[in-house]
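The values are calculated or read from the model by the stated rules, or taken from the named source; none is laboratory data. All values reported here derive from a predicted model rather than from experimental measurement. Positions of Cβ are backbone-derived with ideal geometry, glycine not excepted, and every protein chain shown enters the neighbour counts. To get the accessible areas, we keep the full protein, side chains included, count just its heavy atoms, and leave off ligands, DNA and RNA. Shrake-Rupley method; radii C 1.70, N 1.55, O 1.52, S 1.80 Å.
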Amino acid sequence: MTDKKRPISPVNGEVEHEIIKKPNNGNGNHKNNKKIIKRKYKAKDVDPTAPLGVLQFEIDEILSNHQLTREDITNNMSGILNDETIQKIYHRIVSDVTIESLSSNGDGLALIPHPDPTKKFQIVIVPFGLPGDKVEIRVFKSHPLYAESDLLNIIQASEYRDDSLINCKYFGKCSGCQYQNVNYDQQLIFKRKTIENAYKFLAPLLSATKGALPSVRSTEPSPLQYKYRTKLTPHFNIPFKKVVEERPNLGFGSKGRPTWRKDVDIKDGSILDIEECVIGTPIINQGMTNERARFSQEFKKYKKGATILLREDTKVIDKDEEIILAPGSGSTDVNGEISHLQSQLPEKQLVKTCVTASRQIVKEYVDGYTFEFSAGEFFQNNNSILPRVIDYVRSNLSIDENDAKDSNYLVDAYCGSGLFSITCSQNVSKVIGVEVSADSVKFAERNAASNKIENAKFIVGKAEEIFKSIDTPADRTSVILDPPRKGCDDVFLNQLSDYNPAKIVYISCNVHSQARDVDWFINKTDNGNKYYVESIKGFDFFPQTHHVESVAVLALKKQD
């Protein structure tokens, strides 16, 4: 592939085509009246809590720090889309670029001289750049307020950079990890900053009120920094209506075409051919080896691209029990044998296989509990940190001024297959798990039974009336929220406010939607002003990456 084939149109906008008729030259020859097709940029709406939405806040912060306006940095999109001469001026190699900060996606952000003399600077994204790095980059794609680039060379390394820590030959091209060359303690600091920025950007009313937000606590480290991820989804592409003779790459998406790593030579492509993922668990990587071998034999059968599921399954058996693996219970090696690994516990042993069928039921062992769910459904992908998260959530569910004679209750409003409902059931009188998915509720009921939890009840709740079937007294009830990445909608937050529980523990895989929701709940709902943010703390579910999960605790203010 050559640079000419790289798309120049922005990913967060649409390109429209305007047909312009060339004026008649007056000689009556209409054959010369050619149509000129002009490409036009049309911006798409972007969710402020999504990465591209958060980037707008980060851009504005850089502008504020340098006393710049958006007009000072805008790019000539019409010219870039329609004039190759302008494209070449914009898409160029720039040296002596200093990385200023990190985006929430873990990419470097920098200011570079603008190619248009009427402007001042361009803001550029530099994947794998770290604050303080001085680098050489290649700008290859433009957007109205920023440009994308490849990192070509490290001219002067940042204090945060230690490339000797890199543990993967694909790092620096693969889009999966961002921080393998950063000391782990510093990774945790970067992630704490991400949470602080999320509340600064997405919780404007709380941020503007002195004392309304507590200091973000230190990010909880993961016990495993590699070999922790229990689910991977490598994928491949097959060109439309094309007979494929060579096996396509099978792996994960690339992050541009950087050349800064001189110690490895990885073939370019939109998908990298990846043999091993160092953050995946050992059995997941064995499954990767198995499925790659199978794909090499069968790739000609595919008419289009697809994703391969690799999900860890854990069977808990007695210490001396014979290991028996049923046919179809896991990925097989070249000899047709089901691959498995085992580990010993004091009284039990864990037998792990890699499941590839999304509808197959799998089991996970977490903090002494077992959970069953469909392989393709959501379940936390780093089991090593789950006991710490569970302990933290449990410790924050207690209600102040608790009388030993009073009953305490717990509502798990996005209960899924029952992870928090079951693990937090010990010190409460009754747990009610609510979920819009009937299939998830069935798994939650099954998991409660298998773990001998008798005080848990699970109900299918409609989103617009999720608290309708909750009959516990609000002043003795804590609520756990663990919504999907998009967070909670206004309808749900109003219902939560009307219910008015004693405590709310909000667990989020997207701290930006969490910050938005907390701000809106406290400032916009009827009972929201009765609450305050007691604490905010991050948990590192995904070491070596930019991802961070956050737990925010909301409590009722004490009455005078």
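Helix-derived [θ] at 222 nm for the chain: sum -39500 (n - 2.57) over DSSP H runs of at least 4, divide by residue count, nearest 500?
-6500 deg cm²/dmol
Dividing the alpha-carbon radius of gyration of the range 268-402 by 2.2 N^0.38 Å (N being the number of residues), what value is obtained? List each step's numbers first, then the result.
Details: Rg = 18.0 Å, N = 135, 2.2 N^0.38 = 14.2 Å.
The reported ratio for this selection is 1.27.
Please report, to one decimal in angstroms, the Kirkwood hydrodynamic radius of the range 75-145 built from all distinct Cα-Cα pairs. List each step's numbers first, then the result.
Numbers: mean 1/r = 0.0796 Å⁻¹.
12.6 Å is the Kirkwood radius here.
First select every other residue whose beta carbon is under 15 angstrom from the beta carbon of Asp60; then total the charges, Lys and Arg +1, Asp and Glu -1.
Combined, the nearby Lys, Arg, Asp and Glu give -3.
Divide the volume of the convex hull of the Cα atoms of the range 479-560 by its number of residues and quote the answer in cubic angstrom per residue.
Values: hull volume 6.5 nm³, N = 82.
Output value, Cα hull per residue: 79 Å³.
Taking a 31 Å limit on the Cα-Cα distance, which of the listed pairs Lys262/Lys352; Lys255/Lys363; Lys42/Lys255; Lys44/Lys227; Lys262/Lys363; Lys262/Lys486 fall beyond it?
Lys262/Lys352; Lys255/Lys363; Lys44/Lys227; Lys262/Lys363; Lys262/Lys486, as the Cα separations exceed 31 Å there.
Could you order the peptides 107-117, 92-102 from most to least packed, using the average number of other C-beta atoms within 10 Å per residue?
Those peptides, ordered most packed to least, come out 107-117, 92-102.
So for the range 324-469, Kirkwood radius off the Cα pairs, Stokes-Einstein at 25 °C and 0.890 mPa s: how many µm² s⁻¹?
Estimated diffusion coefficient is 144 µm²/s.
Tell me the volume per residue, in Å³, of the convex hull enclosing the alpha carbons of the range 135-197. Don't skip to the answer; put the middle values down first.
Working: hull volume 8.1 nm³, N = 63.
Spelled out: Cα convex hull of the range 135-197, divided by residues, is 129 Å³.
To the nearest 10 degrees, how steep is helix 184-202 against the longest Cα principal axis of the chain, on a 0 to 90 scale?
80 degrees
Packing-wise, with mean Cβ within 10 Å as the measure, how do 499-505, 202-208, 321-327 rank, highest first? It would help to have the intermediate numbers written out before the result.
On the way: 499-505: 22.1, 202-208: 17.3, 321-327: 9.9.
Most protected by this proxy first, the peptides run 499-505, 202-208, 321-327.
Can you pull the percent of the range 44-166's accessible area that's carbon plus sulfur, 1.4 Å probe, other chains left in place?
Carbon and sulfur together cover 49 percent of it.
Output the 0 to 90 degree angle, nearest 10, between the alpha-carbon long axis of helix 490-499 and the longest principal axis computed from the alpha carbons of the chain.
So the helix axis and the longest Cα principal axis differ by about 20 degrees.
For the chain, state what percent of all Cα-Cα pairs lands in each successive 10 Å bin, counting from 0 Å until the bin that includes the largest distance.
3, 15, 23, 24, 19, 10, 4, 1, 0, 0
Once both axes come from the Cα atoms, what is the angle between helix 511-524 and the longest principal axis of the chain, in degrees from 0 to 90, rounded to 10?
Helix 511-524 sits at roughly 70 degrees to that axis.
Quick check: net charge around Ala515, other residues with Cβ under 12 Å of its Cβ, Lys/Arg +1 and Asp/Glu -1?
On the way: positive: Lys200, Arg516; negative: Glu196, Asp517, Asp519.
It works out to a net charge of -1.
With a/c under 1.5 counting as rounded, go ahead and sort the range 91-216 into rounded, prolate or oblate using the C-alpha gyration tensor (a ≥ b ≥ c being the square roots of the eigenvalues; past the cut-off, prolate if a/b is larger than b/c, else oblate).
oblate
Roughly how many Å² is the accessible area per residue of the chain, as a whole number, for a 1.4 Å probe?
Roughly 49 Å² per residue, with all protein chains present.
Where the accessible area of the range 407-560 is counted over protein heavy atoms with a 1.4 Å probe, how much of it, in %, is carbon and sulfur?
The value for the range 407-560 is 47 percent carbon and sulfur by accessible area.
If you count, for each residue, the other Cβ atoms within 10 Å and average over each peptide, how do 469-475, 434-440 line up from highest to lowest? Mind showing how you got there, number by number?
On the way: 469-475: 14.7, 434-440: 16.9.
Top to bottom by mean Cβ count within 10 Å: 434-440, 469-475.
With the cut-off at 1.5 for a/c, could you classify the range 398-491 from its C-alpha gyration tensor as rounded, prolate or oblate?
Oblate shape, in that a/c is at least 1.5 and b/c is the bigger or equal ratio.
In Å³ and rounded to a whole number, note down the convex hull volume per residue for the Cα atoms of the range 175-272.
190 Å³
Working from the alpha-carbon coordinates of the range 336-387, get Rg over Rh, Rh being the Kirkwood radius.
Dividing the radius of gyration by the Kirkwood radius yields 0.97.
Quick one: ranking Leu68, Leu52 by accessible area, 1.4 Å probe, largest first, what do you get?
The most accessible residue leads, giving Leu52, Leu68.
With Cβ to Cβ distances under 11 Å as the rule, what net charge do the other residues near Glu220 carry (K, R +1; D, E -1)? Walk me through the intermediate numbers first.
Numbers: positive: Lys191, Arg192, Arg217, Arg388, Lys537; negative: Asp391, Asp540, Glu549.
With Lys, Arg at +1 and Asp, Glu at -1, the neighbours total +2.
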